[in-house]
Amino acid sequence: MPEAIHKTLAKTAYARYTDKGSRFYAHAYPVMDQKTIEHRRSELAVTYPDATHHCYAWRFNPFNLQEYAQDDGEPAGTAGLPILGVIKSEELVNVLIIVVRYFGGTKLGKPGLVQAYREAATLSVAAARKTAIDRFIPFRITYPYEQENRICELINRYRLETDDEQYLEFVTMTLFCKADLASSMYGILEHLSHLGISFRQLPECFRPVDFPE
């Protein structure tokens, strides 16, 4: 049975929707860790300090699914849940959508609010390219320059992604290994420790990947 493909957004997207004078600004974000959720919320609080409402929803971790919706003062169920419904209907994970509202002077009523928040969220998701997502285990490694070829072989064999490379007295970088290959990778790095290669395993994370062909 083929492994399920989990989708997220390739990058941040934005949309605007208006109804009876009220303006709705929707921001859709890919989130690879939960700290990013609070960071993005804080960013928009600064960007829209005088907004009437900051309503949002997120869906995170397809392997241990967590969901949350916030109405931020709108009538219960009229903002956060419609936003979450858009994320779910698009079958997306690791996504945060924040819809900021400026009240236009005319009440929309509960059905109108549901429609407005849903439409704003839908427009933001429609503006974003989708990508697949998978679990990775990062390894922070340090090695002498003479072991460069050996590390390159390891990167090619496991199709590792690299980040935060530092070339000082030794080479230090982060290698991202797919979670199902991490224990094998760990064993090889342990085996290479006598060559001056040191490493530490970091907490599991998520990263976007190409859709399988």
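The values are calculated or read from the model by the stated rules, or taken from the named source; none is laboratory data. Please read all numbers here as calculations on a predicted model, not as lab measurements. Because the Cβ atoms are built from the backbone with ideal geometry, glycine has one as well, and the counts that use them run over all protein chains shown.
Tabulated values for the structure
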quantity: Which numbered condition Leu96 misses (of (1) within 24 Å of Ala51 (Cα to Cα); (2) in contact with a Phe, Trp or Tyr (Cβ under 8 Å, 6 or more places away or on another chain); (3) assigned to a helix (DSSP H, G or I)); calculated: (3)
quantity: Those residues of the stretch 52-91 which are of a type outside the set (D, E, K, R) and surrounded by fewer than 17 Cβ atoms within 10 Å (Cβ to Cβ), in sequence order; calculated: Thr52, Phe63, Asn64, Leu65, Gln66, Tyr68, Gly73, Pro75, Ala76, Gly77, Ser89
quantity: Odd one out for Ala128, checked against (1) on the phi > 0 side of the Ramachandran plot; (2) in a loop (DSSP other than H, G, I, E, B); calculated: (1)
quantity: Residue count, the stretch 167-204 (criterion: more than 26 Å from the chain's Cα centre (by Cα), part of a loop (DSSP other than H, G, I, E, B) and either outside the structural domain of Asn156 (by TED's automatic domain parsing) or not aromatic (Phe, Trp, Tyr) (or both)); calculated: 4
quantity: Residue ID - surrounded by the fewest Cβ atoms within 10 Å (Cβ to Cβ), chosen from residues in the stretch 115-142 that are under 27 Å from Lys20 (Cα atoms) and polar (S, T, N, Q); calculated: Gln115
quantity: Failed item in (1) closer than 23 Å to Lys35 by Cβ; (2) of a type in the set (Gly, Ala, Ser); (3) surrounded by fewer than 22 Cβ atoms within 10 Å (Cβ to Cβ), with Gly112 passing the rest; calculated: (1)
